[in-house]
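Here is the structure we will look at, set down as structure tokens.
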Amino acid sequence: MDFRNARARQPEIVRSVQKDARYTNELAEDLSDVLRLTGPRNWIKYNQMCRLLAELSYHGFASANNLQTLGEEYTGIIQVDGNYKQIPSRLLQLIAIVLEFGGDSLFQRLMQKLDTYVANNDEIRTEIKPQLKKIIQRLRQSPSYVKALHKSLFYLDASKYQLSKRTTGINYVLIRHWLQPEFSLYGYKILGVITFLQVSVSLAISGWDAWREHKRQQLESIKQAGKNFLQRSSSTKDVDPNTPQCILCLEPRSDSSLTPCGHIFCWSCLLEWLEERDECPLCRESLKKSQVILLQNYA
Amino acid sequence: MEKNKYVPRVNQIDAIYLNKDIARLIRDNLLENLQAISPVLFIKIQPELDLIIQSAIWFGSVGKRCSTFGQQLLVLAYDAEKLTVSRLVLHFILTVLPGYVKSWEERRLTRRVEWFSEAIMWVENSALILNILNYFRFLKTGRKPTLVDYLLGLDYISLRNNQRRDIGYKYLTRELLWGGFMEILGLVLPIINFRKLQRVLKSWTFSGRRLEDRDGPAFLAPQMTLSTTCTFCGERPTLPHHMGCGHIYCYYCLNANVLTDASFCCPNCGSACPESGIQSV
């Protein structure tokens, strides 16, 4: 006999995870206070580890003693193995816990080492290295997308909430499923669709940005080639100490723009300022974007 | 009547958190009102005020009904048989007085007593570490969630027979749905081109008028007078430009619209921008 018909549903699992997160936050704060006793230097250095230590110790303690976590007790669920027959082995639970809470940092550390290896390795051709770096950069950003997709899958069919549980095959069942109230899961299907749409739109936006960046770089290289050609024919001029400077960016002015009150700034600096407020940066005279005049052939 | 000895661990922990929240609410509201009366006097006697408030809370909850406010919310209580008078006194001493002693040491002692400060700090640190150890012991045994309860040997009992705690899952669903909608809205709104949207909606409502006006002359010379204003922003035009329909715009207003929306039409007459682009007056 298995407990497949008593499988836990989305709200029980989500609420259980939320509750456990609350308790581990409290425990992390206590551990942080204890760490502070050892001195401010240690506190600054190891404060990030407090949360990880709290999560591992909390879940590890529950697993080692064959106990439910407080969140699981709250929602009345318990972990079972992939066959829905018995409690998972301790080793499997430990692997799930380490992957769930330490997996992110392990992955980032792995990407860091790979990046260093690519940068320092002599056998890799120099022209290939930038492409490899770009691929590694995209791999670094992939976990959040993978997690969001997995979450939308969870909302749609209520299988597993965490990736670590999916890799280890651990499931949740209700302890007294005959007592559980009946409620509609339709909202979670909508939520799954929304989450999937969100991931799709986010990926599309980042793809569009990357394509536009690529186009901009091509255009810039063409401009740079033209500029180099021009610069070769004319001699380089020294920077004039009397060159007028923009008050907003403190650099030599580019694309001089005049306001009706008579002050001159860089075009981009002034327009950026006018995004926030409708007044001249110097004299606070009322000013709109449409009143700015770009000066042609002005020093 | 037999006592119900089993209390889920999560209820005991939640009772503690609820009690902390309730006590903080009461204390903060009272102190805020008292501070408004006289700030100088308030600063002078704040430790005593804290002591009075904490004592009142304690007497109103544990002293009178053998249960904290958080426990009452979850229908729990201390085991009344074990809560003797001496234990009550000790409970008061261990829960209310330490805060007052610490603040008294910080504010009242004009001459710093080194050994006393170090003793207080040592006790505080020991209590913190012991609290964490007791937390793990509680996770295993399910009894005596706080250090004070452990020292006094006080157990929680349930005043309701094994009735399950009701969890409002529909609120969770609503919260998650709302959060999801907000996130996708935040993602989509910045990429919507509102100018084009606005123009399309306007053209739908005034399509007849626009079709009629298209039969007019293809080019009109703009007339610039002292009273001419920008068709878009309604002010005197800066660097006046036009798009062949005779209406005058600021350079910025016209070029920004044309760049944002390639099919930009004149708001007045609905003429489209010609291929030659905008021209100076």
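The values are calculated or read from the model by the stated rules, or taken from the named source; none is laboratory data. Computed from a predicted model, the values in this text were never measured in an experiment. Reconstructed Cβ throughout: ideal geometry from the backbone, glycine too, with neighbour counts over all protein chains shown. Keep in mind that these areas ignore ligands, DNA and RNA; they rest on the heavy atoms of the full protein, side chains included. Shrake-Rupley method; radii C 1.70, N 1.55, O 1.52, S 1.80 Å.
Summary table below
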item	result
Longest DSSP-loop-exposure-free segment, GluC sites (Glu not before Pro), chain B, at most 16 other Cβ within 10 Å	B:82-234
Convex hull of Cα atoms in the protein assembly as shown, direction-averaged projection (nm²)	46.2 nm²
Interchain or long-range residues, amide H under 5 Å from residue A:80's placed H	A:171, A:172, A:173
Cα-based reach from residue A:85 at 21 Å (exclusive), listing lysines while leaving out same-chain residues under 8 positions away	A:160, A:165
Check: chain B dipole with +1 on Lys, Arg Cβ and -1 on Asp, Glu Cβ, in debye	860 debye
Longest DSSP-loop-exposure-free segment, chymotrypsin sites (Phe, Trp or Tyr not before Pro), chain A, at most 16 other Cβ within 10 Å	A:184-297
Residues with amide H under 5 Å from that of residue A:246, placed H, sequence gap 5 or more	A:251, A:253
FRET efficiency for residue B:193 and residue B:137, using Cβ-Cβ distance with R0 set to 60 Å, rounded to 0.05	0.45
Within segment A:75-163, trypsin sites (Lys or Arg not before Pro) in DSSP loop having at most 11 other beta-carbon neighbours inside 10 Å	A:85, A:125
222 nm mean residue ellipticity, helices alone, for the protein assembly as shown (DSSP H n ≥ 4; -39,500 (n - 2.57); rounded to 500)	-20000 deg cm²/dmol
Per-residue HN-Hα couplings for segment A:249-256 [Karplus 6.51, -1.76, 1.60; θ = phi - 60°; Hz; x = Gly/Pro]	10, 6, 10, x, 5, 10, 6, 4
Separation of alpha-carbon centers, segment B:262-276 and segment A:79-132, rounded to whole Å	57 Å
Point-charge dipole on Cβ atoms (K/R +1, D/E -1) for segment A:10-221, about Cα centre, debye to 20	500 debye
Accessible-area composition of chain A, carbon plus sulfur, in percent [1.4 Å probe]	56 percent
DSSP bridge pairs, chain B: antiparallel proportion in percent, nearest 5	100 percent
Nearest 10 degrees, 0 to 90: helix B:251-260 Cα axis against chain B principal axis	70 degrees
Average beta-carbon neighbours from other chains, 10 Å sphere, peptide A:21-27	2
Point-charge dipole on Cβ atoms (K/R +1, D/E -1) for segment A:237-298, about Cα centre, debye to 20	160 debye
Eligible aspartates and glutamates near residue A:147 by straight Cα distance, threshold 13 Å, same-chain separation 8 or greater	A:100, A:104
Förster radius 51 Å - calculated FRET efficiency between residue A:49 and residue A:286 (Cβ-Cβ, nearest 0.05)	0.40
Principal-axis tilt of helix B:169-188 within chain B, Cα atoms, nearest 10 degrees	40 degrees
Candidates B:18, B:189, B:151, ranked by Gaussian network fluctuation over chain B, Cα under 10 Å, top entry	B:189
Proximal lysines relative to residue B:144, as straight alpha-carbon distance under 30 Å, when same-chain residues fewer than 8 apart are discounted	A:19, B:3, B:5, B:20, B:64, B:82, B:102
Folded to 0 to 90 degrees: helix A:267-276 orientation relative to chain A principal axis, Cα	50 degrees
Average beta-carbon neighbours from other chains, 10 Å sphere, peptide B:164-175	5
Per-residue mean of C-beta atoms belonging to partner chains within 10 Å, peptide A:253-265	0
